[in-house]
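What follows is a short report on a single structure.
The values are calculated or read from the model by the stated rules, or taken from the named source; none is laboratory data. Quick caveat: nothing in here was measured; it's all calculated off a predicted structure. Cβ: placed from backbone, ideal geometry, glycine included. Neighbour counts: every protein chain shown.
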Amino acid sequence: MSKPKPAPLPSGTVVGGYTIVKKLAAGGFGVVYLAEGDNKQLVAIKEYLPASLAERSAGELTPRVKPDKQPLYRLGLKSFFEEGRSLAQISHPSVVSVLNFFRENETVYMVMNYLQGDTLQDFIVTARDLKRDKVFRESTIRSLFDEILRGLRIVHQHKMLHLDIKPANIFVTNDNKAVMLDFGAAREVLSKEGNFIRPMYTPGFAAPEMYRRDGTLGPWTDIYAIGACIYACMQGYPPNDAPQRIEKDRLALSLSRLRNVYSDNLIEVTEWCMSLDPLSRPQSVFALQKELARETERRYTKLSFGERLKLQIETLKTGQKA
């Protein structure tokens, strides 16, 4: 029987002068609430509450942490606080705005703009369910990731990494702005320390080096995830996760099926971002931006009859093995 998750704060609870309205979301590392400030302004508040380290019963405010887990809990708490402080220094429309962060109830709370709209994941699922030939138009993909990369470049300039870029963490507001949510600094610190079993990063979007304790993380790690997000926008599904790809890589085959739908340039850029070797990827967001902006490279290669036949045979073989 799995361990129950820590209970969220009840509606009406006041923390740091903000009144909790309701829980919006919960994950392995925290809970996000809709809350109201003194001026009735709606905000989103993220509470550090790692389910693997802390317990909390309904109606309680302070998490309970066993003595043997205290050092790791404190380490994650410090990282979460530092993350809030770093994000508060970044002002960019594509990066979630941190308005305030404070300690209370032996944990930390991060106050952010409350955004209204849907995640990129919601859009992908809707488009996929409509069974369109193209999940998204190429122009839509390019303009969306142009916005995201502008924000990510600023994040990297502040010596931060996102470490959990995926469609569920890219929010498209009602006024059509793309915003990155849910940075993963505390998650990364906790995953590198101690021996407890932890939730793995999102399969398909996590770079191979994130699966290794000795993996060197850098801008190229976030760039892998950007490539995986572009792939999901084209295919409607995430790519195979990195361990599967290391065993048998079908990325080039999957992308080749899109050669008459999306331009060669966009397909090549996606493959470049998702190189299994970190050194073979773009080493900076700027390098990727330059390549994505190359309008003249938008060739569309039509598959010959022979190529289509080979792809169909390969697909059938894959289906038989599955």
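Condition check ((1) acidic (Asp, Glu); (2) outside any loop (DSSP other than H, G, I, E, B); (3) at pLDDT below 95) across all residues:
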{"residue": "Leu190", "(1), (2), (3)": "no, yes, yes"}
{"residue": "Met210", "(1), (2), (3)": "no, yes, yes"}
{"residue": "Asp214", "(1), (2), (3)": "yes, no, yes"}
{"residue": "Tyr224", "(1), (2), (3)": "no, yes, no"}
{"residue": "Ile230", "(1), (2), (3)": "no, yes, no"}
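Residues in the stretch 61-74 that are out of contact with any strand residue (DSSP E or B) (no Cβ under 7 Å at 6 or more places or on another chain), of a type in the set (A, V, I, L, M, F, W, C) and either over 16 Å from Gly28 (Cβ atoms) or not in a helix (DSSP H, G or I) (or both): Leu61 alone. Checked against (1) in contact with an Asp or Glu (Cβ under 8 Å, 6 or more places away or on another chain); (2) touching a residue at least 12 places away in the same chain (Cβ under 8 Å); (3) not acidic (Asp, Glu), Arg64 passes all but condition (2).
Candidates in the stretch 95-114 are the residues that are without any contact (Cβ under 8 Å) to a residue 40 or more places away in the chain and of a type in the set (A, V, I, L, M, F, W, C); of these, the one that is nearest to Asp164 (Cα to Cα) is Val98.
The number of residues in the stretch 130-181 being of a type in the set (Gly, Ala, Ser) and either under 12 Å from the mean Cα position of the chain (by Cα) or closer than 22 Å to Leu99 by Cβ (or both) comes to 3.
Looking across the stretch 254-280 at every residue that is under 15 Å from Phe145 (Cβ atoms) and assigned to a loop (DSSP other than H, G, I, E, B), the one that is modelled with the highest pLDDT is identified as Met274. When you check Thr13 against the structure, is it free of Cβ contacts under 8 Å to residues at least 60 places away in the same chain and in contact with a Ser or Thr (Cβ under 8 Å, 6 or more places away or on another chain), yes or no? Criteria met by Thr13. Among the candidates Lys40, Lys66, Lys5, Lys46, the residue that is over 18 Å from the mean Cα position of the chain (by Cα) and within 25 Å of Asp164 (Cα to Cα) is uniquely Lys5.
Filtered by the rule that a residue be within 21 Å of the chain's Cα centre (by Cα) and part of a helix (DSSP H, G or I), the stretch 234-253 gives Met234, Gln235, Ala242, Pro243, Gln244, Arg245, Leu251. Among residues of the stretch 88-106 being over 17 Å from Gln157 (Cβ atoms) and assigned to a strand (DSSP E or B), the one that is farthest from the chain's Cα centre (by Cα) is Glu104. Only one entry of Ile154, Ile148 meets the criterion of being at pLDDT 90 or above, part of a helix (DSSP H, G or I), surrounded by fewer than 19 Cβ atoms within 10 Å (Cβ to Cβ) and among the aliphatic types (A, V, I, L, M), and that entry is Ile154.
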